[in-house]
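Notes to accompany the following structure.
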Amino acid sequence: MARNGTKSRLFRRGDRWWADLRSFGDVGGSREPLVAAGEKVATTVRDVAETLLADRLKDLEERRRSRSLLGYEGAAGFAEHAADHLKKK
């Protein structure tokens with residue numbers, strides 16, 4: 001599971017795949033089951049788990065980036081940015 005001396009974020013609990021995203025605790029990361037769309041429980045297929053993990057990491061990175069650059073999380077549109085700018089001004 002670990003490659004090149006780095007700790008893997010992907011692990012198994014029983015026969016299901018989970019992600020350890022605690023390093024993203026500031027934006028809501030924790031240990032999470034990797035559940036595919038339309039499913040109710042974590043996947044048992046490693047390839048699917050790796051894809052779900054990549055998508056979740058991308059989401060958390062975007063949230064962390066927007067929090068550090070803009071001061072708040074989430075994707076905001078022009079109206080939200082304008083309102084925030086006017087409040088600060």
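The values are calculated or read from the model by the stated rules, or taken from the named source; none is laboratory data. Source: prediction; values computed, not measured. In this analysis, Cβ positions are derived from the backbone assuming ideal geometry, glycine residues included, and neighbour counts consider all displayed protein chains. We work out accessible area using only protein heavy atoms, side chains counted, and drop any ligands, DNA or RNA first. Shrake-Rupley method; radii C 1.70, N 1.55, O 1.52, S 1.80 Å.
General observations
- Residue order by solvent-accessible surface for R46, R65 is R65, R46, largest first, with ligands and nucleic acids left out and a 1.4 Å probe.
- Residues K87, K58, K40 ordered from highest to lowest accessible area at a 1.4 Å probe: K40, K87, K58.
- Virtual spin-label span in nm between D84 and L69, 7 Å along Cα→Cβ: 1.0
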